[in-house]
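The values are calculated or read from the model by the stated rules, or taken from the named source; none is laboratory data. Bear in mind that the values here come from a model prediction, so they are computed numbers and not experimental data. Note that we place each Cβ from the backbone using ideal geometry, even for glycine, and neighbour counts take in every protein chain shown.
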Amino acid sequence: MASGERYECIIIGGGPAGSTAGTLLAQYGHRVLLLEKERFPRHHIGESLMPQTYFTFQRLGFLEKLKASDFTPKESVQFISASGKESQPFYFTDRDPNEWSVTWQVERDRFDRMMLEHARESGVEVVEGALVKRVLFDGSKADGVEFLQNGELRQVAADVVIDASGQSALLSRQLGLRYGDDRLKNAAIYAYYRGVERGLGRNAGATLVVHTPDKSGWFWLIPLPNDVTSVGLVSPPHLIITGRGSDPLATLEAEIARCTSLTARFQRATRITGSYVTRDFSYRSRRLAGDGWVLIGDAFGFLDPIYSSGVLLALKSGEWAADAVHEALHSRNVSGELLGRFGPRFVSGMQRIRQLVYAFYDPNFSFAAFIRRYPQYHDDVVRVLIGDVFGQGLSEMFEVMSEIVKLPEPLALDGGACVV
């Protein structure tokens, strides 16, 4: 049991999920403590946003700050096959010609700091450099946290603990709830370049997804401010970490050089950073909430980055968790059932993105061929690409797609809440 000062809610982690939940809870009038182990700004990957993030930004009161920034506007995504054939760009504004159909490519160090500062301005008590060691329990109910700050181990109590600790997944690991996705075991090498050739006009801010020539992996190209491009290679870990040489940077540049779809784009490019390596992208938790605790963002689960869904899932889970926590605190009922009431809806949307991820990785499946054969589902594919996955529809498209490619089984949360 925690001792000392007590808050209505403690949030572990100050990334987009934690900042979103904290901002909304503070706007509701609750006393919130947010503990972040790093001191912002700090490097983070995941720079490409989905258009559906617009509505959470709007609710947070954060939208005007993004509009005033120099982040690169993003209106489309384009795929390039292993043979070098370019798909038609998927323009988000063609489906819905409104301002919410244009989003941004962001530098995550600046973007995350902006969101954390917005949470602080909204009334959240933010403490950086505070490493949470464990969540404390009173019986089966979360009751606070133990954290290390300036060499001192402290305990703070709370009515509700929200774990937004990212891929550290502190509480999921503590409770033994985390498990991986055997079909999506990938790793990534990435670096930053200046001078990579970009598209023009509506394509200037497009995310490019480029298959490697042997289809063993794919590249992302994300245009950022100041003519900087984030360039990453996603592939099975044995190819990135132990295969094709032991130097990740040499591997990345060798793979770029042998991909004819990229060489022309890199003729005037200069690498401006070293390489970064991440591994084991996809995992999730068996539960989303329990008595006195909730998991949000990457602390609950993470999908392969092919469709740039990470920030969207962070924002939506943070938003809906804040609503659930507010209701729980107001009713003085912090049961897992009430705190996790948004779980089926959230995991349903996550599953829809996951199904499209599985289709992408199947070597015998082609989105271009699928849309040519079933043009009526073009709009459904774009819906997933913009992140419009939490409402009705899409089931028919996935039923037809499942006759062509093996799609994943429905996700299930402990307690029998199965979703599709």
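Remarks
- Any hit, segment 125-140, residues being closer than 19 Å to Pro41 by Cα, basic (Lys, Arg) and either assigned by TED's automatic domain parsing to the domain that holds Asp323 or part of a loop (DSSP other than H, G, I, E, B) (or both): no
- When we screen Gln355, Gln376 for residues that are at pLDDT 95 or above, part of a helix (DSSP H, G or I), closer than 25 Å to Tyr283 by Cα and not assigned by TED's automatic domain parsing to the domain that holds Met115, the only hit is Gln355.
- Here segment 66-90 is the region considered, the condition is being of a type in the set (Asp, Glu) and touching a strand residue (DSSP E or B) at 6+ places or on another chain (Cβ under 8 Å), and the residue that is farthest from Gln105 (Cα to Cα) is Glu86.
- The set of residues in segment 308-360 being within 16 Å of Leu60 (Cα to Cα) and not small (Gly, Ala, Ser) consists of Val311, Leu312, Leu313, Leu315, Lys316, Glu319, Trp320, Asp323, His326.
- Any chance Thr229 is surrounded by fewer than 22 Cβ atoms within 10 Å (Cβ to Cβ) and either more than 21 Å from Ser83 (Cβ to Cβ) or modelled with pLDDT under 95 (or both): no
- Some residue of segment 404-418 being closer than 22 Å to Ile80 by Cβ, of a type in the set (D, E, K, R) and not assigned by TED's automatic domain parsing to the domain that holds Phe219: no
- Residue that is nearest to Tyr358 (Cα to Cα) [pool: residues in segment 146-188 that are under 25 Å from the mean Cα position of the chain (by Cα), modelled with pLDDT of 95 or more and part of a strand (DSSP E or B)]: Asp163
- Count - residues of segment 57-101 that are among the hydrophobic types (A, V, I, L, M, F, W, C), farther than 26 Å from Ala322 by Cβ and over 18 Å from the mean Cα position of the chain (by Cα): 5
- Any hit, segment 115-133, residues being under 19 Å from Gln52 (Cα atoms) and of a type outside the set (S, T, N, Q): yes
- Members of segment 193-211 found to be of a type in the set (S, T, N, Q) and surrounded by 16 or more Cβ atoms within 10 Å (Cβ to Cβ), listed by number: Thr207
- Residue in segment 344-360 that is surrounded by 17 or more Cβ atoms within 10 Å (Cβ to Cβ), touching a Leu at 6+ places or on another chain (Cβ under 8 Å), of a type in the set (Ser, Thr, Tyr) and under 27 Å from Ser83 (Cα atoms) present: yes
- Only one of Arg198, Arg173, Arg268 that is free of Cβ contacts under 8 Å to residues at least 24 places away in the same chain and among the basic types (Lys, Arg): Arg173
- Helices (runs of 4 or more DSSP H) wholly inside segment 10-104 that include at least 2 residues being on the phi < 0 side of the Ramachandran plot and assigned by TED's automatic domain parsing to the domain that holds Tyr307: 16-28, 54-60, 63-67
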